[in-house]
Structures are given as C-alpha cells and as structure tokens.
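None of the figures in this text is laboratory data; all of them are computed from the coordinates on show. These numbers were taken from a predicted model, which means no experiment stands behind them. Note that we place each Cβ from the backbone using ideal geometry, even for glycine, and neighbour counts take in every protein chain shown.
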Amino acid sequence: ETGVTQTPRHLVMGMTNKKSLKCEQHLGHNAMYWYKQSAKKPLELMFVYNFKEQTENNSVPSRFSPECPNSSHLFLHLHTLQPEDSALYLCASSPGGRVDYGYTFGSGTRLTVV
Amino acid sequence: KQEVTQIPAALSVPEGENLVLNCSFTDSAIYNLQWFRQDPGKGLTSLLLIQSSQREQTSGRLNASLDKSSGRSTLYIAASQPGDSATYLCAVIIQGAQKLVFGQGTRLTINP
C-alpha cells in the first residue's frame, strides 16, 4: 500500500444516489489532487488543494464537490451523476509548492454509475 | 497548451529483450518529468522522476532520459520480465502550473 490511501476501492451507484470518495495521505504533503481516468483518455486533473484551500477547478461539473478538511484528507462528494462519469478516480499528493519532488498516487476508486 | 504523446500505444516483446518507450511533449517549459507504471485497474506507481536540469535517472533495470530542448524522454527497460507487463505513463509538470499533464500511455506485454 502506498502512502496515499483511497476508499472505497469499488463503488456502484445509481444516478440519484449521493456518495463520497475518501483519500488520506500519510506523507506530510500539503497539496492534494483529484484526477479522473476514463477509458482510452489521458488522466485529467479535476481539482487541486494547497494547504486545505482549493487552488484549481478544471471546469468540473458541480455534481462533483470536493472537500479538504485538512492537509491529510480529501473527499469527493458525488450526486446526480451520469453514466459517462463512470471512471477510475485517483487521488494524489505532493509537497506543497515543491513541484520538483513529484507526485504520489493512491490506488484509485473504480466508480460505476448505473 | 502542453500536449504529451507516447509511442507506441502498445508493445509486445519476448522476455529478456531490452526495450525503449518514447514520450514527447510540445512545450519545453517544464519543471520535471515523471514516469509511472499502472497495472490493470490499479493506481499509479512512480518509477522515475527527472528534474528539468537533469539528463537522466536510473533505478535498477530502468533508465529514463530527458532532452528538454527537443521535447523528448525515453524509458529504457533492460532484460525485460513478464512482471514488467503494465501500462507505462509519462507526465510533465509545466512551469507556472501545479499539475501533471499525462500522455495516454504505452501498454507493454512481456511474453514468457
């Protein structure tokens, strides 16, 4: 297991459900990220948080709502999703402001919207 | 806009061969370049990180090179093994932005 832990590993939800994805990092990093990986597309950045503050929203629909209560935890709240939102959602972290140290990724949550 | 391209999209070779995976990027203004490995349905494992001022990095049987001026990186895998089978992703961090821009990956299969 890496220093970035994501739960659940798999999630199936209906279009009217509300669910949340959780990410926790034990690396002392100050920046956390949500990425989306759809079939046959490159990984896409969704959100960036630095020191608990959102610093980037990559034009993500409002049915995805991130939350970062502290530098170690990141959530992605989901509601009224569409089948095309089915994908692997990856969380990552990095030392805040120090892009030269690279990124550490979690194992992802495989989301299926039915 | 930075674009990252990986060639080939898929590669199948017999065990024991040395091989090279290619990555190219359109904007040379990068902080660093990172190679990842992804097993089916799993997250990303970092393999090598090359700073923009460096030319190469090595870890075991892996060697990654970076030529910023030409916008290219290569990942060399020596004496390939079936356990090396995975998708290999290249990503760059562009200057002035705090995000990775990924290529679509090379799906590698090593046949016993």
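With a Förster radius of 30 Å applied to the C-beta separation of A:Glu56 and A:Gln82, the computed FRET efficiency comes to 0.85.
The trypsin sites (Lys or Arg not before Pro) of region A:1-88 meeting both criteria, a DSSP state outside H, G, I, E and B (loop) and at most 10 other C-beta atoms within 10 angstrom of the site's C-beta, are A:Lys40.
For the listed residue pairs B:Lys68/B:Lys99; B:Lys1/B:Lys99; A:Lys40/B:Lys99; A:Lys36/B:Lys68; A:Lys18/A:Lys40, the alpha carbons are over 24 angstrom apart in A:Lys36/B:Lys68; A:Lys18/A:Lys40. Phi angles of region A:74-90 translate, via the Karplus equation with coefficients 6.51, -1.76, 1.60 and θ = phi - 60°, into HN-Hα couplings of 9, 10, 10, 8, 10, 8, 6, 7, 10, x, 6, 7, 4, 5, 9, 9, 10 Hz per residue; Gly and Pro are given as x.
Can you list, by residue number, the Cys in the protein assembly as shown that have no neighbouring cysteine C-beta under 4.7 Å? Lone cysteines by the Cβ rule: A:Cys68. Computed on region B:16-85, with alpha-carbon pairs under 8 angstrom and 6+ residues apart, the relative contact order is 39 percent.
Rank these for me by crowding, A:Met46, A:Met15, going from fewest to most other beta carbons within 10 Å. The order, fewest Cβ neighbours first, is A:Met15, A:Met46.
Around the Cα centre of the protein assembly as shown, unit charges on the Cβ atoms of Lys, Arg, Asp and Glu (plus for the first two, minus for the last two) sum to a dipole of about 360 debye.
Over the Cα atoms of region A:24-114, the radius of gyration divided by the Kirkwood radius equals 0.96; this is the Rg/Rh ratio. Backbone geometry of region B:55-61 corresponds, through the Karplus equation with coefficients 6.51, -1.76 and 1.60 at θ = phi - 60°, to 3J(HN,Hα) couplings of 9, 7, 9, 10, 8, x, 8 Hz, x marking Gly and Pro.
If neighbour count is taken as other Cβ atoms inside 10 Å, put A:Tyr49, A:Tyr33 in order from fewest to most.
Numbers: A:Tyr49 21, A:Tyr33 24.
Lowest to highest Cβ neighbour count: A:Tyr49, A:Tyr33.
Annotation: the antiparallel percentage among DSSP beta bridges lying fully within chain B is about 90. Across all directions, the average projected area of the convex hull around the alpha carbons of the protein assembly as shown is 12.0 nm². Net charge dipole, region A:43-99: roughly 200 debye, given to the nearest 20, about the Cα centre with Cβ charges of +1 for Lys and Arg and -1 for Asp and Glu. Across chain A, the mean sequence separation of Cα contacts (distance under 8 Å, 6 or more residues apart), normalised by length, yields a relative contact order of 38 percent.
Our coupling estimate for region A:32-43, obtained by passing each phi through the Karplus curve with A = 6.51, B = -1.76, C = 1.60 and θ = phi - 60°, is 9, 9, 10, 10, 10, 10, 9, 4, 6, 10, x, 4 Hz, Gly and Pro reported as x. About its Cα centre, the dipole of region A:7-114 is roughly 320 debye, where the only charges are +1 on Lys and Arg Cβ and -1 on Asp and Glu Cβ.
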